[in-house]
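Please treat every number below as a calculation from the coordinates, not as lab data. Since we're looking at a predicted model, the values are computed, not measured. All Cβ positions, glycine included, derive from the backbone under ideal geometry; neighbour counts span all protein chains shown.
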Amino acid sequence: MARRSDTPRRLSAPATRPPLEREFSAGGLVYRRRGVCSVVLAARRHAHTGALVWTIPKGHVEAGESTEAAAVREVREETGIEAEIEASLGETRYFYVWEDVRIRKTVHFFLMRATGGDPGERDDEMEDVQWFALERALKRAAYRGEREVLGRAAELLR
């Protein structure tokens, strides 16, 4: 049996980590009531796997722009839908690596009521945009943090 040593292990070289950058985004979970409550999810291809992933529309907050304005703009650009903010759904935070840079991303989400627009008038960033019953959206959303946002929205929409 190997004996554990109280002597600290010495490394030949310090561990290196990729540089860290911070990124801030905002997005909106858009809903409508037509009998049932439904919400919009947008789909794009995953950069590494090519799989279609369903997400809540979101994007970068531009210089001088509020998170609210960025959320409304991103929803319109990515889905073609016009919407008004009704409430905050809080933030999600996560890390990812892109081109050897670690990114710490913070996304502020808002609950938004659809007021008009046409999914056919979205930009090319999203491959598809669909309305889902809230319960089905909870199952389709690709990322845990966004499923948590959907859960918070479900509480407000009851």
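With the largest listed first and rounded to whole Å, the semi-axes of the equivalent ellipsoid of the range 111-154 from the Cα gyration tensor are 21, 14, 10.
Between the range 121-138 and the range 50-106, the alpha-carbon centres lie 14 Å apart.
Relative contact order for the range 20-157: 33 percent, from Cα pairs under 8 Å spaced at least 6 residues apart, divided by residue count. Radius of gyration over Kirkwood radius for the chain, both on Cα atoms: the Rg/Rh ratio is 1.14. Which of V39, V97, V53 ends up with the largest GNM mean-square fluctuation for the chain, with Cα atoms connected below 10 Å? Per the Cα network of the chain with a 10 Å cutoff, V97 tops the list. Highest mobility in the GNM of the chain, judged by mean-square fluctuation with C-alpha springs under 10 Å and restricted to R147, R73, R104, is found for R104. Here the dipole of the chain is about 1240 debye; that uses its Cα centre as origin and unit charges on the Cβ of Lys and Arg (positive) and Asp and Glu (negative). When the chain is treated as a GNM with alpha-carbon contacts under 10 Å, the residue of S25, S66, S12 showing the greatest mean-square fluctuation is S12.
Local charge for G80 was computed over the other residues whose Cβ lies under 11 Å away, with Lys and Arg +1 and Asp and Glu -1, and equals -4. The GluC sites (Glu not before Pro) of the range 57-158 that meet both conditions, a loop assignment by DSSP and at most 16 other Cβ atoms within 10 Å of the site Cβ, are E62, E65, E99, E125, E127.
Order of R136, R34 from fewest to most other C-beta atoms within 10 Å?
Fewest-to-most Cβ neighbours within 10 Å comes out as R34, R136.
Based on DSSP H runs of at least 4 residues, each adding -39500 (n - 2.57), what is the mean residue ellipticity at 222 nm of the chain after dividing by all its residues, to the nearest 500 deg cm²/dmol?
Values: 3 runs with 34 residues, N = 158.
For the chain, the value works out to -6500 deg cm²/dmol.
Projecting the Cα atoms of A114, V72, H46 onto the dipole axis of the chain, where Lys and Arg carry +1 and Asp and Glu carry -1 at the beta carbon, places H46 farthest toward the positive end.
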